[in-house]
Amino acid sequence: MENAPVAILTTSPRTVLRDYHELLNLAGYQDVVAKDADTALKINISWHFFFPGSSTVPWQLEGVIRAMKRDGYDPNLIHGCHNRTVVIDAHLGERENKQINVLAAHGLRNVHLYEGEEWVHIRDAVGDLTKKFLCLHEVYPGGFHIPRRFIGENIIHLPTVKTHVFTTTTGAMKNAFGGLLNERRHWTHPVIHETLVDLLMIQHRIHRGVFAVMDGTFAGDGPGPRCMIPHVKNVILASRDQVAIDAVAARLMGFDPLSIKYIRLAHELGLGCGDPRRIPIVGDRAAAEQNWHFDGPFKKMTFASRMQHKIYWGPLKKPIEWSLKTILAPWAYIASVIYHDSFWYPLKARRLMRAVLASEWGRLFRNWEHVQPDENGYPDVGAAPAELERAGWTAFRQSLGILGTCIREAPEFAARRRKVVAPR
């Protein structure tokens, strides 16, 4: 059987809406995303603060929604979809990244999976597929729960092109991580590559259709998915093959896709194609041949990422990792919020973002609430560069509130708000 294509286009604010419509159809999304089923737009929030390249950008979400409506999808069967993590405030993130503006403008439902949604045991959802897992049966011997609403739904992942301190790169496959696993997903970090493969198996079993639309207008290099060096790259990608789109994105960033374990494992198991020589490219083939020569996540790691590696794979694994599976675990959540939100973002974000905020995309983000699109895109994005309203002391004060939320919502302390159904 012929491998699924990856579509790639070069874009600009003036043409981005037209380009997203073309992109989705080049990748054949209408053959994958059924029109008679609910479709979850799985929004990526890697940081609740705005940082270019880290989270789903508003024009990515806008472009996908407009394309679907233009192609006859019922808006009543489309919804935004968010997960929560122990260190990310999804409600703050959807506001700061202006995703909620897009959903509200189109009158779409906005689903937060941990708020009133029913979760079902994995064995009831996928049956004997659990016997094929690479690692999740060992990480969670008693099983785990996934959102019931995912069963039979389409899902369109909306990641960005960026690096990651755990997985080298992150994209379509890892975007399922937050939605399919509960707050104790950090238990899987030592086997994160195998986890992503197991989650892809689950997606293939439960979803009506799986599709990914990846934005590379901004792209992030360095110790992602947060503390990165952002770049303007002006590309967008789409595919039904989650492995292939991640492989093409990895190659753009300058990495050998098959040297990245989660891509190689998924490729070897036949869950998609990770070999760029065998992936059909449609659209702008010259764009797909670019090599951005990113340094990657390991060359200039932050203090936090170095400590994470020591805890999960290094000398601190034996003395410390056990605590992350006990009531002591919130120390790690608190440390993460203090480092990233109270220290790194207030002191370093503005300098690293300055150049990209002055770009056309940065200006589009700043003026998002006021720009007037035409059928192609945004002909006038304004003259002033984007500004960080939450840098410095403002960001620091905000981080204190996030820290309180982190402690209050820690699963070790708080009762779950989600509805869990016991396995049959």
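The values are calculated or read from the model by the stated rules, or taken from the named source; none is laboratory data. Given the structure is predicted, the values throughout are model-derived calculations rather than measurements. Ideal geometry is used to build each Cβ from the backbone, glycine not excepted, and the neighbour counts take in all protein chains shown.
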Residue selected from the stretch 48-65 under the condition within 10 Å of the chain's Cα centre (by Cα) and either farther than 19 Å from VAL381 by Cα or without any contact (Cβ under 8 Å) to a residue 60 or more places away in the chain (or both), by the criterion surrounded by the fewest Cβ atoms within 10 Å (Cβ to Cβ): SER54
Total residues in the stretch 276-312, condition touching an Asp or Glu at 6+ places or on another chain (Cβ under 7 Å), under 23 Å from TRP322 (Cα atoms) and not hydroxyl-bearing (Ser, Thr, Tyr): 1
Pairs with Cβ under 6 Å, 6+ apart, first in the stretch 16-36 and modelled with pLDDT of 95 or more, second of a type in the set (Phe, Trp, Tyr): VAL16/TRP59; TYR29/PHE211; VAL32/PHE211; VAL33/PHE211; LYS35/TYR73
Residue under evaluation GLY283, criteria (1) closer than 14 Å to ARG226 by Cα; (2) at pLDDT 95 or above; (3) of a type in the set (Gly, Ala, Ser), criterion not met: (1)
Failed item, numbered, when PHE177 is tested on (1) surrounded by fewer than 23 Cβ atoms within 10 Å (Cβ to Cβ); (2) under 15 Å from the mean Cα position of the chain (by Cα); (3) outside any helix (DSSP H, G or I): (3)
